[in-house]
Amino acid sequence: MKPEFDSVVFDLDGVITKTAKTHSAAWKKMFDGYLKEREKKHGEPFKEFTQKDYLEYVDGKPRYDGVASFLQSRNIDIPWGSPGDAPGKETVCGMGNQKNKAFMEVLKNEGADTYPSTAELIEELFRAGIKLGVASSSKNCKAVLQAVDLEKYFGARVDGVVSAELGLNGKPEPDIFTKACEILGSTPENSIVVEDAVSGVQAGAKGNFGLTLGIARKDNTEDLRKNGADVVVEDLEEIHGLAGLNKLFKENQ
Ligand SMILES: O=P(O)(O)OC[C@H]1O[C@@H](O)[C@H](O)[C@@H](O)[C@@H]1O
């Protein structure tokens, strides 16, 4: 069988590795701590950072964009600061850096796990000669891929570090996916995006990818559909490997 597509670009956290939960827990720890401080200092009643807040304002976005977007939702206006700000400084960057400290601690102590169905599909696609890319907002992408020993399968990695170097827009803009395609020598029309975040499926749709495949890990099938996913599954095992993926791609043309 000759596949109808020639490349697949995967998101990392929540698609390849189970690290979306690690990110979300680190965000909660940081934001709840900050909101409690504000209650003490300014008398603002504490309202916790919820999973809904994570999905709506933070998931999939570059680190500081996530901070800014959540704070805006609570009408909290603080200076942006700069990436060198000490963790915990009351700036967007300082708060993002604080969250990153928490994330890195967990990664160091507990490592990361893959979703077995994604790891199997990656291996099958790789063996079949499909070009593979990873497009992640995370600056920890390389460390996470190395922790699960999957770096070798990817011909392109466009992550938070590469995006900053190249000045690319973060999700929901399609830049990091289209850049990964370009590095792989492919085009969006001949490629598939695999994503679990609303901002990520929006990026796939905006970039006119041949197929934007959503993975609803958080019971959010409808949200992913509404925001641009052509097909939504709860786990990639429902796809039935390369043959199944090829069928979905064909049906979507
Ligand atoms: O702070 P990092 O590791 O650069 O990651 C930025 C974002 O990366 C995304 O992949 C995660 O979905 C977000 O939760 C995270 O905030």
Response to the item:
When the chain is treated as a Gaussian network with springs between alpha carbons less than 10 Å apart, the largest mean-square fluctuation among 220, 109, 208 is found at 109
Item to complete: Measure up 36/139; 40/99; 108/139 against 18 Å on the Cα-Cα distance and list the ones that go over.
Response: 36/139; 40/99
Worksheet item: Over the Cα atoms of region 18-164, what is the Rg over Rh ratio if Rh follows Kirkwood?
Response: 1.03
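As a test, work out the antiparallel percent of DSSP beta bridges whose residues both lie in the chain, rounded to the nearest 5. Provide the component values of the computation, followed by the final result.
On the way: 1 of 20 bridges.
The antiparallel proportion sits near 5 percent.
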Worksheet item: So which trypsin sites (Lys or Arg not before Pro) in region 13-80 are both in a DSSP loop and have at most 13 other Cβ atoms within 10 Å of their Cβ?
Response: 47
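For region 152-253, which GluC sites (Glu not before Pro) pass both filters: DSSP loop (anything but H, G, I, E, B) and at most 14 other C-beta atoms within 10 Å?
Details: sites: 165, 182, 189, 195, 222, 234, 237, 238, 251; in loops: 234.
Those satisfying the criteria are 234.
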Discussion item. Can you give the local net charge around residue 253? Use residues other than it whose beta-carbon is closer than 10 angstrom to its beta-carbon, Lys and Arg +1, Asp and Glu -1.
Written reply: -2
Worksheet item: Hey, what's the Kirkwood Rh for the chain if you take every pair of different alpha carbons, in angstrom?
Response: 18.5
Worksheet entry | Cα long-axis angle, helix 19-42 against the chain (0 to 90 degrees, to the nearest 10) | 20
Worksheet item: Angle between the Cα long axis of helix 175-184 and the longest principal axis of the chain, 0 to 90 degrees, nearest 10?
Response: 40
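222 nm [θ] for the chain, helices only, -39500 (n - 2.57) per DSSP H run of 4+, per residue, to 500?
On the way: 10 runs with 116 residues, N = 253.
The helix contribution divided over the chain gives -14000 deg cm²/dmol.
Among residues other than residue 97 whose Cβ falls under 15 Å from its Cβ, what is the net charge (Lys/Arg +1, Asp/Glu -1)? The partial results should precede the final answer.
Details: positive: 29, 63, 89, 99, 101, 139; negative: 65, 85, 90, 105.
Result for the local shell: +2.
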Discussion item. With the cut-off at 18 Å, tell me which of the pairs 21/47; 2/131; 18/218; 41/89 have Cα atoms farther apart than that.
Written reply: 21/47
Worksheet item: How many percent of the accessible area of the chain is carbon or sulfur, using a 1.4 Å probe?
Response: 48
Fill in: Karplus-derived HN-Hα couplings along region 105-112 (A = 6.51, B = -1.76, C = 1.60, θ = phi - 60°), whole Hz, x at Gly and Pro
4, 5, 4, 5, 7, 10, x, 9
Worksheet item: Check residue 134: other-chain or 5+ apart residues with amide H under 5 Å from its amide H, H built from backbone geometry?
Response: 10, 156, 157, 158
Response to the item:
Scalar couplings 3J(HN,Hα) for region 228-244 by Karplus 6.51 cos²θ - 1.76 cosθ + 1.60 (θ = phi - 60°), nearest whole Hz, x for Gly and Pro, are x, 6, 6, 9, 10, 10, 8, 7, 5, 5, 5, 7, 6, x, 4, 4, x
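Counting only heavy atoms of the protein chains, get the accessible area per residue of region 21-110 (1.4 Å probe) and round it to a whole Å² value.
56
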Worksheet entry | Loop-located GluC sites (Glu not before Pro) in region 1-83, at most 12 other Cβ atoms within 10 Å (DSSP) | 48
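The values are calculated or read from the model by the stated rules, or taken from the named source; none is laboratory data. Predicted model only: the values in this text are computed from it and were never measured. Here the Cβ is made from the backbone with ideal geometry for all residues, glycine too, and neighbour counts use every protein chain on show. Ligands, DNA and RNA are stripped out before the accessible areas are found, and what is left, the full protein with its side chains, is counted by its heavy atoms. Shrake-Rupley method; radii C 1.70, N 1.55, O 1.52, S 1.80 Å.
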